[in-house]
1. Residues of the stretch 154-191 being part of a helix (DSSP H, G or I) and of a type in the set (Gly, Ala, Ser), which ones?
2. Out of the stretch 221-231, which residues are of a type outside the set (A, V, I, L, M) and surrounded by 13 or more Cβ atoms within 10 Å (Cβ to Cβ)?
3. Go through (1) over 30 Å from ASP81 (Cβ atoms); (2) exposed (fewer than 13 other Cβ atoms within 10 Å of the Cβ); (3) under 22 Å from the mean Cα position of the chain (by Cα) for VAL248 and report which single condition fails.
4. Could you please give the count of residues in the stretch 251-272 that are more than 30 Å from LYS85 (Cα to Cα) and either hydrophobic (A, V, I, L, M, F, W, C) or surrounded by fewer than 18 Cβ atoms within 10 Å (Cβ to Cβ) (or both)?
5. Hey, could you check the stretch 143-183 for residues that are within 13 Å of the chain's Cα centre (by Cα) and surrounded by fewer than 21 Cβ atoms within 10 Å (Cβ to Cβ) and say which is farthest from PHE262 (Cα to Cα)?
6. Tell me which residues, restricted to the stretch 249-264, are closer than 24 Å to ARG157 by Cα and of a type in the set (D, E, K, R).
7. Mind checking which residues of the stretch 60-83 are of a type in the set (A, V, I, L, M) and over 12 Å from LEU127 (Cβ atoms)?
8. Let me confirm something: among VAL28, VAL56, which residue is under 30 Å from PHE92 (Cβ atoms), among the hydrophobic types (A, V, I, L, M, F, W, C) and either touching a Gly at 6+ places or on another chain (Cβ under 7 Å) or modelled with pLDDT of 90 or more (or both)?
Amino acid sequence: MAEITASQVKELRERTGAGMMECKKALVENNGDVEAAAEWLRKQGLAKADKKASRVAAEGRVVTAQADGKAAIVEINSETDFVAKDENFIAFTDTVGQAAIEAADVEALKATKLASGETVEEARAVLIAKVGENVQVRRMARIDSANTLGAYVHGGRIGVLIEIKGGNADLARGLAMHVAAMNPPYISPAHVPADFVAKEKEIALAQVKDTGKPPEILEKMISGKVAKTVNELCLTGQPYVLDTNQSVEQALKAGGAEVVSFVRLAVGEGIEKQADDFHAEVMKQAGLA
């Protein structure tokens, strides 16, 4: 039997919203496997939809830029929030955002020449010398289209590009704000992978199979549960943040538009910063570790 740690219980609670004792029991039942425990909790009806806690630790800034049917979004990281607010860092990120409009990918962006005559990579080295921290041009995305493009950045930390067919610039920006706030993984139910839907059906069946209801009623209950989950994950099924009395799908219909694609970047997404153990560091320095 695997030992169940407090950190495993904490992770499972963050992911599922279930209580501490339920999480501990789920981990015991599944030999410490957090993934299996999360699914077990959902089958017991004790958990909300699995929401993996994104391990965001790195600092920095997300910038967007638009020009002549092109739009770009770039994430540039620093080590601390203090440097992320430094005027030199902000000026560098704004310049790099504009340069990204013509760059095919992040490696091409690093080699792009700026108005100063330096490449982005050379300007980055100069900035590092100024601010005394490591700075990385981490990732970018670009949309080049005759369709309507929208961009939005929230607090410098979350940025979105969106492409819609039809509609107008105001609708595109409003939808970009929605994606920034709600972070939908899919555009519409048609974009949800079949294996995800199959897994949701399996979980829904486990939740209702002991209700004693006839098969045809169970099928309707399962379909309803799956449809609700899928809608909540899809941009089109969510209540529109700028007018919660209508769904995004209704807002799109009213604006004569459809969403073609979107990109959402959040600062530090997927980067885990090392947690320093002060006691261990002191012991190491003293030669006692």
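1. ALA169, ALA172, GLY174, ALA176, ALA180, ALA181, ALA190
2. As a first pass, look at the stretch 221-231 and keep what is of a type outside the set (A, V, I, L, M): 223-225, 228-229, 231.
Selection gives LYS225, LYS228, THR229, ASN231.
3. Result: VAL248 passes all but (2).
4. Keep residues of the stretch 251-272 that are more than 30 Å from LYS85 (Cα to Cα), which gives 251-261.
With either hydrophobic (A, V, I, L, M, F, W, C) or surrounded by fewer than 18 Cβ atoms within 10 Å (Cβ to Cβ) (or both) added as a condition, the list becomes 251-254, 256-261.
Matching residues across the stretch 251-272 total 10.
5. The extreme case among them is ARG157.
6. The answer is ARG264, and nothing else.
7. Step one: list which residues in the stretch 60-83 are of a type in the set (A, V, I, L, M), which gives 62-63, 65, 67, 71-74, 76, 83.
Passing the criteria: VAL62, VAL63, ALA65, ALA67, ALA71, ALA72, ILE73, VAL74.
8. Numbers: VAL28 fails: under 30 Å from PHE92 (Cβ atoms).
That would be VAL56, the only listed residue that is under 30 Å from PHE92 (Cβ atoms), among the hydrophobic types (A, V, I, L, M, F, W, C) and either touching a Gly at 6+ places or on another chain (Cβ under 7 Å) or modelled with pLDDT of 90 or more (or both).
The values are calculated or read from the model by the stated rules, or taken from the named source; none is laboratory data. On a predicted model such as this, the values are computed, not experimentally measured, just so you know. Ideal geometry is used to build each Cβ from the backbone, glycine not excepted, and the neighbour counts take in all protein chains shown.
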